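Data first, discussion second: the structure below is written as structure tokens.
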């Protein structure tokens, strides 16, 4: 079991490593819906941060809530999940076609917006801080965040498709914080 106070975990790390010093995992070894895998690997309140870049959209709303509940006991007080998913309010037709259910991208994408993702995490007991998102009018809203707290490539600052002041690909990015009163 991990006992290091600053344990930070990447869910669905893929083939790239953008977060040095983080524990990188794949679904086969740490499934968001398998509490037994979490219990076997981590002590309660032992994880400082969980990073999930373009993972949560492969879950239904109810599965996403269950995944958030699975992670909750393993996060330290004020620990967080940094979660990035495709943004259902981004007003680019090609982008939406690529991320929609049945589109040319993965076929299992429920497309979230800031309301659904926020609600999912709040129902699981988290406080949510919106980092990057589009509102209902398609206006992109950016709140400063530190990549050292969890690097998200598919973001305004780091995705190469966003150049010369024009957004080509964005993510809905939130920090879902385990907040408990002392």
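At-a-glance table
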| read-out | value |
| --- | --- |
| Residue exposure sequence - 38, 179 - by fewest surrounding Cβ within 10 Å | 179, 38 |
| Using a Förster distance of 30 Å, the FRET efficiency for residue 63-residue 40 (Cβ separation, nearest 0.05) | 0.90 |
| The chain - percent relative contact order, Cα under 8 Å, separation 6 or more | 22 |
| By average C-beta atoms within 10 angstrom, highest first, the peptides 154-163, 138-147, 63-72 | 63-72, 154-163, 138-147 |
| Which of 46, 171 has the fewest Cβ neighbours within 10 Å, and the rest in rising order | 46, 171 |
| With Cα atoms, 0 to 90° folded angle of helix 61-71 axis to the chain main axis | 40 |
| Counting DSSP beta bridges with both ends in the chain, the antiparallel % (nearest 5) | 55 |
| Label zone at residue 94, where the point sits 7 Å out along the Cα-to-Cβ direction: the stretch 141-182 residues whose backbone N lies under 16 Å | 160-170 |
| Cα→Cβ-extended label distance, 7 Å offset, between residue 142 and residue 17, nm | 2.9 |
| Neighbour-count order for 164, 122, fewest beta carbons within 10 angstrom listed first | 164, 122 |
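Quick note: the coordinates plus some simple rules give every number you see, no bench work behind them. Computed from a predicted structure; not experimentally measured. Using ideal geometry, Cβ is built from the backbone for each residue, glycine included, and neighbour counts are taken over all protein chains shown.
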